[in-house]
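For reference, the structure discussed in these notes is given below.
Each value in this text was obtained by applying a stated rule to the coordinates, not by laboratory testing. No experiment lies behind these values; they were computed from the predicted model shown. Note that we place each Cβ from the backbone using ideal geometry, even for glycine, and neighbour counts take in every protein chain shown.
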Amino acid sequence: TEAVLLVGGKGTRLRPLTINTPKPMVPAAGVPFLAHQLARARAAGVEHVVLATSYLAEVFEPYFGDGSAHGLRLTYVHEEEPLGTGGAIRHAARALTAGPGDPVLVFNGDILTGLDIRALLERHERAQAHVTLHLTRVADPRAFGLVPTDADGRVLAFTEKPSRPEEIVTDQINAGGYVFRREVIDGIPADRPVSVERETFPQLLAERAVLHGVVDSSYWLDLGRPASFVQASADLVRGIVHSPAVPGEPGEFLVLPGAHVDAGARLSGGTVVGAGAHVAAGAEVAGSVVLDGARIEADARVHASMVGTGARVGPRTVLDGVVIGDHSLIGADNELRDGARIWCGTAIPDAAIRF
Ligand code: GTP
Ligand code: GTP
C-alpha cells in the first residue's frame, strides 16, 4: 500500500515552534512528530510513503533518508510554490506506482490518531468509493470541516469552518485521513493551488461521486496549536495513544539520553526532557516538552508548556500553557501563563513579568 503525507504547510498557528522547524519535524515524545505517523503507517502495512513538502522542505530528507531505517520506502516531492492540500496530493501523485483503480492513503501531517488504517482501507473497498474519509466527532465542530453522512456512511455535504448556526448540522468532522482511488487524484487540476476540503470534495459530491465517511471513535487530536501539540506529546509519552516510535516504555515522563535531571526535580504528566537538557533541583515539570539543550533552573514550575531548543527558564519562574521559542532566556522570578508565546532568541530580565 502507498500513502501521501502532507507536510508542506507553514504551520502559522504553531509559531514560534515552526520558525526554524516545519510542524511535522517538531519533536513530540522525543522524536519528530512525523516519525510517529510513519511508524503507524508502517504498522498498518504501508510500504511506500510520498512526503509532499514545501515549507522548509530541505530538512526532512537528512533526517529520514530513504526510509529504510523506518521500515518503509520514502520519496520526497517538493512544491516550489505551496499548492494547498489538493494541489499537493496531485503533485505528489507523480511518485506513486498505484494503478488507476488502486487505493492511495492520504494523511494530513499534523494529526495524531489511533485510527485503524487497515479497517479504513477495507471500508473503502467494500463501499467501492471514489474517496473514503476518516471522520471523528467533536464537541465543538465550528473550527473544522463538517461532514454529515447518511445511515450507510454516504457523505451528504461538506461545510468547511461554518460561520452560521444553521450550518452546524452534525458533530462529524473531517479528521484529515483519506483513501483516494488513484484516478480521482489524477483528476485534480495540476499546477495551481487547490484545497481538497473547499474545492475537490464539494465538486466530487456535485458530480455524484461516491464519497464514503467512516466515523471512528479512537484517539484523535489536531496538533495545529501549541496546547494540542504539547497534549499530543504527553499522551504519547504516557501511552494514552500508542506509537511504535516513542523511544521508551509508557510512563509519567521520558528522559532522553544525555539529559540531566537532578534527583530533587519532579517530572510528571507525560513530560519529555530532550537530549542535553538540564532540569535542576526543586524544579517541577508537568505535561510539558523540554527540547534539546534547554535548561530549567532550580524551583521553576513548568506546566503544559513547550520550552524550545537551548532555551533557559530561570529559577522560580512559573510557566503555564506557554511556548518559549528556541534559545530564549527567561530570567528568574517571572510568571507567564495562558497561551503566551515568547519568540525565538528573546531575553526577558529577572522579575519582569508577573500576574
Ligand atoms: P497553519 O498555517 O497553522 O494553518 O498550518 P498548516 O500550514 O499546516 O495548514 P493546515 O493545518 O491547514 O494543513 C493541513 C495539512 O496539510 C498539514 O499537514 C500541512 O503540512 C499540509 N499542507 C497545507 N498546505 C500545504 C501545501 O500547500 N503543500 C503541502 N505539501 N502541504 C500542505
Ligand atoms: P535518582 O532519583 O537520581 O536516584 O534517579 P532514579 O534512579 O530514580 O532514576 P529514574 O530513571 O527513575 O529517573 C530518571 C531521572 O528523572 C532521575 O534523575 C530522577 O531523579 C528524575 N526524576 C524526576 N522526577 C521524577 C519522578 O517523579 N520519579 C522518578 N523516579 N524520577 C524522577
If 353, 117 are placed from fewest to most neighbouring beta carbons inside 10 Å, the sequence is 353, 117
What value, in deg cm²/dmol to 500, does the helix sum -39500 (n - 2.57) over DSSP H runs of n ≥ 4 give at 222 nm once divided by the residues of the chain?
-> -4500 deg cm²/dmol
If packing is taken as the mean number of other Cβ atoms within 10 Å per residue, what is the order of 18-29, 239-250, 191-202, highest first?
-> 18-29, 191-202, 239-250
Count the DSSP beta bridges whose two residues both fall in the chain, then state the antiparallel fraction as a percent rounded to the nearest 5.
-> 30 percent
Distance from the Cα centre of the stretch 22-86 to that of the stretch 243-292, in angstrom?
-> 25 Å
Ranked on Cβ counts within 10 Å of their own Cβ, fewest leading, 76, 178, 219 go 219, 76, 178
Could you check which residue among 175, 206, 280 shows the biggest mean-square fluctuation in a GNM of the chain with a 10 Å Cα cutoff?
-> 206
What residue among 47, 207, 81 has the largest mean-square fluctuation in a Gaussian network model of the chain, using Cα springs under 10 Å?
-> 207
Find how many whole Å separate the alpha carbon centroid of the stretch 189-206 from the alpha carbon centroid of the stretch 213-238.
-> 26 Å
Once you have the Cα-Cα distance between residue 209 and residue 58, take 0.36 nm times their residue separation minus that, and quote the gain in nm to one decimal.
-> 50.7 nm
What is the dipole size for the chain, taken about its Cα centre, with +1 at each Lys and Arg Cβ and -1 at each Asp and Glu Cβ, in debye to the nearest 20?
-> 200 debye
For the stretch 19-93, what does the alpha-carbon gyration tensor say about shape, rounded, prolate or oblate, given a ≥ b ≥ c as the root eigenvalues, a/c under 1.5 as rounded, and a/b over b/c as prolate?
-> oblate
Using the Cα gyration tensor of the chain, the equivalent ellipsoid's semi-axes, largest first and to the nearest Å, work out to 38, 21, 18
Computed over the chain, the relative contact order (Cα-Cα under 8 Å, seq sep at least six) in percent reads 14 percent
Residues whose placed amide H lies under 5 Å from that of residue 253, excluding near-sequence neighbours = 270
In a Gaussian network model over the chain where Cα atoms closer than 10 Å are linked, find which of 254, 105, 205 has the largest mean-square fluctuation.
-> 205
Tensor-based shape of the stretch 122-188 (alpha-carbon gyration tensor, a/c under 1.5 rounded, otherwise prolate or oblate) = prolate
